[in-house]
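S.K.: Quick one: this structure, given as structure tokens, is what I'll be asking you about.
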Amino acid sequence: MPLDPIVASMLAQMAEAGGPAIEELPPAGGRELYRMMNAANTLVDLAQVSDTVAQGIPLRIYRPTLDTQLPGLVYFHGGGWVIGDLETHDNVCRHLAQQANCVVVAVDYRLAPEHPFPAALDDSFAATCWVVDHAAELGIDAARIAVGGDSAGGNLAATVCLKANALGAPKLAHQLLVYPATDTAQDTPSYTENKEGYSLSAALMGWFWDQYIGDQPRDNPMMAPILASDLSGVPSATVITAEYDPLRDEGEAYGERLKAAGVTTTITRYDGMIHGFFHMQDALADGRDALTMAAKELQTAFQRS
């Protein structure tokens with residue numbers, strides 16, 4: 001379908017404003033720009049939001065109520081493993097906590113290029129294990145803990161599940177994958193169709209991969225989960241994609257591979273949308289709808305656990 005008119009207007013305003021692209025800035029400049037882009041998002045009030053540090057990894061804990069034994073979601077922010085932090089995704093985590101009625105633990109993993117692969121994955125996995133091990137004191141039901149993330153965070157959620165499955169622990173209830181990066185090849189039709197002009201360009205995604213991986217071989221399933229030989233046994237999944245997004249095809253292909261492996265998986269494409277729309281609840285009805293759908297998927301998975 002055509003590009004959503006509100007999205008088209010937003011993209012036109014961004015183009016008119018000009019300024020350097022993120023890949024033309026040093027990482028620190030890209031981080032500042034990304035933080036500014038997300039600074040005006042409306043934040044929902046929750047019963048409690050607190051920061052802590054676990055094994056040297058900063059975490060932010062969101063509680064919709066002060067009830068104990070709620071399910072939990074460990075959330076990994078997007079931003080190409082280079083930009084993004086607890087502040088850029090504060091609104092998303094608040095909405096998910098409220099709508100899914102779960103404790104959300106956001107992970108401020110180390111960023112590339114200062115800390116290339118596997119630093120982000122190591123931190124994400126360590127944080128997930130810490131939440132499971134400390135579930136009782138966090139007021140979380142250890143049998144109902146999911147992981148999730150958007151873009152690079154979706155990649156981390158998927159690879160955390162692969163690593164947990166290979167090691168036999170921790171046991172996770174679900175994986176929420178919002179337009180996840182699943183393949184290093186960058187050769188799908190959606191990369192050609194949406195090469196530029198739709199927020200996330202093919203050039204920017206290539207720059208992100210270069211910062212994260214550098215000269216390391218790119219055929220590692222812990223970088224590109226779609227290359228995993230066996231996906232059976234990983235948690236159930238929700239995959240959300242956007243029509244005008246270079247990552248559309250690899251996200252949907254990963255969802256289909258999960259289904260083929262016998263994993264309960266829901267794949268939902270939002271037509272007319274671009275990469276990043278999951279953040280845009282204030283402006284986009286589809287952004288609000290995707291958050292609500294994700295929360296319902298989490299609740300269903302928690303009920304199965």
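The values are calculated or read from the model by the stated rules, or taken from the named source; none is laboratory data. Owing to the predicted nature of the structure, the values given are computational and were not obtained by experimental measurement. Reconstructed Cβ throughout: ideal geometry from the backbone, glycine too, with neighbour counts over all protein chains shown.
S.K.: Please find, within the stretch 18-76, the residue that is modelled with the lowest pLDDT out of those that are in contact with a strand residue (DSSP E or B) (Cβ under 9 Å, 6 or more places away or on another chain) and of a type in the set (S, T, N, Q).
M.R.: T68
S.K.: Return yes or no: is A28 over 29 Å from T159 (Cα atoms), exposed (fewer than 13 other Cβ atoms within 10 Å of the Cβ) and among the hydrophobic types (A, V, I, L, M, F, W, C)? Outline the logic, then answer.
M.R.: On the way: over 29 Å from T159 (Cα atoms): no; exposed (fewer than 13 other Cβ atoms within 10 Å of the Cβ): yes; among the hydrophobic types (A, V, I, L, M, F, W, C): yes.
In short, no.
S.K.: Out of all the residues in the stretch 219-235, is one or more among the β-branched types (V, I, T), farther than 17 Å from A158 by Cβ and in contact with a Phe, Trp or Tyr (Cβ under 7 Å, 6 or more places away or on another chain)? Steps first, answer last, please.
M.R.: Taking the stretch 219-235 first, the residues among the β-branched types (V, I, T) are 226, 234.
If we keep only those that are farther than 17 Å from A158 by Cβ too, we end up with none.
No: zero hits.
S.K.: Could I ask something else about it? Among the residues of the stretch 39-57, write down those that are in contact (Cβ under 8 Å) with a residue 60 or more places away in the chain and either part of a strand (DSSP E or B) or acidic (D, E) (or both).
M.R.: Hits for the stretch 39-57 are A54, I57.
S.K.: How about the stretch 3-27: which of its residues are of a type in the set (A, V, I, L, M, F, W, C) and within 21 Å of the chain's Cα centre (by Cα)? Lay out the reasoning, then the answer.
M.R.: Within the stretch 3-27, the subset of a type in the set (A, V, I, L, M, F, W, C) is 3, 6-8, 10-12, 14-15, 17, 21-22, 25.
The answer is V7, I22.
S.K.: Return yes when A8 is among the small types (G, A, S) and either more than 27 Å from E243 (Cβ to Cβ) or not in a loop (DSSP other than H, G, I, E, B) (or both) and no when it is not. Steps first, please.
M.R.: Details: among the small types (G, A, S): yes; either more than 27 Å from E243 (Cβ to Cβ) or not in a loop (DSSP other than H, G, I, E, B) (or both): yes.
Considered against the rule, which asks whether it is among the small types (G, A, S) and either more than 27 Å from E243 (Cβ to Cβ) or not in a loop (DSSP other than H, G, I, E, B) (or both), A8 comes out as yes.
S.K.: Filter the stretch 234-273 for residues that are assigned to a strand (DSSP E or B) and more than 24 Å from M1 (Cβ to Cβ) and give the result.
M.R.: Listed by number, the list holds a single entry, A237.
S.K.: Going by what's in this entry, would G206 be described as farther than 30 Å from F302 by Cβ and modelled with pLDDT under 95?
M.R.: Against the criterion (farther than 30 Å from F302 by Cβ and modelled with pLDDT under 95), G206 does not qualify.
S.K.: Can I ask one more? From the list G214, G233, G272, G287, which residue is farther than 16 Å from G149 by Cβ and modelled with pLDDT under 95?
M.R.: Numbers: G233 fails: modelled with pLDDT under 95; G272 fails: modelled with pLDDT under 95; G287 fails: modelled with pLDDT under 95.
Of the residues listed, the single one that is farther than 16 Å from G149 by Cβ and modelled with pLDDT under 95 is G214.
S.K.: Out of all the residues in the stretch 150-167, is one or more among the acidic types (D, E), over 29 Å from V104 (Cβ atoms) and touching a strand residue (DSSP E or B) at 6+ places or on another chain (Cβ under 9 Å)?
M.R.: Taking every residue of the stretch 150-167 in turn, none turns out to be among the acidic types (D, E), over 29 Å from V104 (Cβ atoms) and touching a strand residue (DSSP E or B) at 6+ places or on another chain (Cβ under 9 Å).
S.K.: Moving on to the next point. For G84, work out the one condition from (1) buried (at least 24 other Cβ atoms within 10 Å of the Cβ); (2) in a helix (DSSP H, G or I); (3) of a type outside the set (S, T, N, Q) it doesn't fulfil.
M.R.: Among (1) buried (at least 24 other Cβ atoms within 10 Å of the Cβ); (2) in a helix (DSSP H, G or I); (3) of a type outside the set (S, T, N, Q), the lone unmet condition for G84 is (2).
S.K.: A follow-up question, please. Please give the number of the condition T42 fails out of (1) surrounded by fewer than 17 Cβ atoms within 10 Å (Cβ to Cβ); (2) in contact with a Cys (Cβ under 8 Å, 6 or more places away or on another chain).
M.R.: (2)
S.K.: Go through R94, R60 for me and flag whichever is out of contact with any Cys (no Cβ under 8 Å at 6 or more places or on another chain), surrounded by 19 or more Cβ atoms within 10 Å (Cβ to Cβ) and not in a loop (DSSP other than H, G, I, E, B).
M.R.: The match here is R94.
S.K.: Right, next: Taking the stretch 13-44 as the region of interest, how many residues are farther than 26 Å from D210 by Cα and either touching a helix residue (DSSP H, G or I) at 6+ places or on another chain (Cβ under 8 Å) or among the aliphatic types (A, V, I, L, M) (or both)?
M.R.: Here the count works out to 7.
Here is a yes/no grid of residues against (1) crowded, with 24+ Cβ neighbours inside 10 Å; (2) under 22 Å from E256 (Cβ atoms); (3) modelled with pLDDT under 95:
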site: T128; (1), (2), (3): yes, no, no
site: A136; (1), (2), (3): no, no, no
site: G139; (1), (2), (3): no, no, no
site: I145; (1), (2), (3): yes, no, no
site: A152; (1), (2), (3): yes, yes, no
site: N155; (1), (2), (3): yes, yes, no
site: A173; (1), (2), (3): no, yes, no
site: T182; (1), (2), (3): yes, yes, no
site: Q186; (1), (2), (3): no, yes, no
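S.K.: Just for the stretch 97-129: of the residues that are of a type in the set (V, I, T) and assigned to a strand (DSSP E or B), which one is farthest from the chain's Cα centre (by Cα)?
M.R.: Keep residues of the stretch 97-129 that are of a type in the set (V, I, T), which gives 103-105, 107, 128.
Next cut, assigned to a strand (DSSP E or B) only: 103-105, 107.
Numbers: V103: 17, V104: 13, V105: 13, V107: 11 Å.
If we take residues in the stretch 97-129 being of a type in the set (V, I, T) and assigned to a strand (DSSP E or B), then V103 is farthest from the chain's Cα centre (by Cα).
S.K.: Another one. Starting from the stretch 254-267, take each residue that is buried (at least 16 other Cβ atoms within 10 Å of the Cβ) and list its partners that are polar (S, T, N, Q) and assigned to a loop (DSSP other than H, G, I, E, B), counting only C-beta distances under 6 angstrom and pairs at least six apart or across chains.
M.R.: The qualifying pairs are Y254/T182.
S.K.: Only one of (1) free of Cβ contacts under 8 Å to residues at least 60 places away in the same chain; (2) over 30 Å from I213 (Cβ atoms); (3) assigned to a loop (DSSP other than H, G, I, E, B); (4) not small (G, A, S) is not met by D67, so which one is it?
M.R.: Result: D67 fails condition (1) only.
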